[in-house]
Amino acid sequence: MALLAVHGGAGGDGPWGGPTPMDPPRLACMEALLSDLGPRLDDGSLSALEAVRLAVMAMEDEGGFNAGVGSVLDETGAVSMDASIMRGEDGAAGAVVGVRRIQNPIDTAHGLLQGGWPLMLCAEGAEAFAAKQGQRLIDPETLVTDLRRAQWRKWRDASLRPGATDEDDAALDHDLGDEIDGPGTVGAVALDAHGRLAAATSTGGMTGKPVGRVGDTPVIGAGTWADERVAVSCTGVGEAYLRACAAHEVGVGMRADRADLRTVCDHVLDLVEPYGGRGGLIAVSADGDVVLPFRVTLMYRGVWRNGAVTTAIGPDV
Ligand code: GLY
């Protein structure tokens, strides 16, 4: 049985105010990629690794998420992106940190996975690797949207803490129907027709982050994990997921006899919470379970399973 799940970030406090006018394109993006990739995973023509790479690339290309085009801006008003990808059956992985001139950071991370060594490259080193792979280096300004520029100005003018406009105001802005920001790290987890698992995650980080700040997303075991039992992609305040080694903790939990994916993932979110880990995660198991828990107002999310696509933003009802 094949499975594909995606997230487009989590955030907010308090009750969910319903979708904003900005949400239909985000949901349409998730629905389109799930409808396209799910059947190909199921008929065996697409591996789990390819599915998560293509899913994350599609969300990096949709300007409404905080990854690729539409990434949030750091303290200087510039884009700087992180991404990682992992294959479950052999633990192969690739990651990029602090890249600016790459359209699809997950594609570069995938190139590193395929190369085998090194696993992780940062900044200009990652961009040089991408160029050698034939990826066109871009002007980072082409990744900046009006939404992110407005969000950054709000952060600067109000002297907010880094990330405040990403996480705290998501629910409020939904209430107001006047969204100038929102969560949006993206991720995908997949189980293919051959029982193989993979996970991928990509982000612009947090609005106003210090230059050089690294969150959980590019760190294998923190934001992304895949082994022969489970694949995981996390979203939330990166520092907390780093401190908890959150994604890897799901892998550890699934090694126990009779481990139940829902219980394991809830326990991991319990571990993350004391560190200020507001967010969620998505996970699929080799047994064909899928869970998408979150501890904040909303998490953009979607699943392809048994030929059907479901997407959601607010709490499960
Ligand atoms: N979870 C994304 C970040 O904190 O950068």
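The values are calculated or read from the model by the stated rules, or taken from the named source; none is laboratory data. Worth saying up front: this structure is predicted, and the values here are computed from it rather than measured. Positions of Cβ are generated from backbone atoms using ideal geometry, with glycine treated the same way; all protein chains shown enter the neighbour counts. Note: areas computed on protein heavy atoms with side chains; ligands, DNA, RNA excluded. Shrake-Rupley method; radii C 1.70, N 1.55, O 1.52, S 1.80 Å.
Summed over the range 223-243, residues that are open to solvent by less than 10 Å² (accessible area, probe 1.4 Å) and either within 16 Å of the ligand (Cβ to nearest atom) or of a type in the set (Gly, Ala, Ser) (or both) total 11.
Here Glu60 passes the criteria (1) closer than 14 Å to Thr145 by Cα; (2) part of a loop (DSSP other than H, G, I, E, B) except the one numbered (2).
Only one of the numbered conditions (1) part of a helix (DSSP H, G or I); (2) surrounded by 22 or more Cβ atoms within 10 Å (Cβ to Cβ); (3) among the basic types (Lys, Arg) is violated by Arg301, and that is (1).
The sole residue among Leu73, Leu46 that is surrounded by fewer than 24 Cβ atoms within 10 Å (Cβ to Cβ) and of a type in the set (A, V, I, L, M) is Leu46. When restricted to residues that are within 17 Å of Val186 (Cβ to Cβ) and at pLDDT 95 or above, the range 260-289 contains 5.
Identify the residue in the range 241-259 that is among the hydrophobic types (A, V, I, L, M, F, W, C) and under 15 Å from the mean Cα position of the chain (by Cα) and, among all such residues, is nearest to Leu191 (Cα to Cα). In this case the residue turns out to be Ala247.
Do we have any residue at all in the range 28-37 that's open to solvent by 50 Å² or more (accessible area, probe 1.4 Å), in a loop (DSSP other than H, G, I, E, B) and more than 16 Å from the ligand (Cβ to nearest atom)? For the range 28-37, residues open to solvent by 50 Å² or more (accessible area, probe 1.4 Å), in a loop (DSSP other than H, G, I, E, B) and more than 16 Å from the ligand (Cβ to nearest atom): absent.
Taken together, the residues in the range 20-66 that are without any contact (Cβ under 8 Å) to a residue 24 or more places away in the chain and polar (S, T, N, Q) amount to 1. Close Cβ contacts (under 7 Å, 6 or more residues apart or on different chains) running from residues in the range 278-305 that are within 18 Å of Gly88 (Cβ to Cβ) and touching a residue at least 24 places away in the same chain (Cβ under 8 Å) to residues that are of a type in the set (Lys, Arg) and not in a loop (DSSP other than H, G, I, E, B) comprise Ile282/Arg301; Val290/Arg305; Val291/Arg262. Any residue in the range 217-236 that is modelled with pLDDT under 95 and at positive phi? Looking for residues that are modelled with pLDDT under 95 and at positive phi, one finds at least one in the range 217-236, hence yes.
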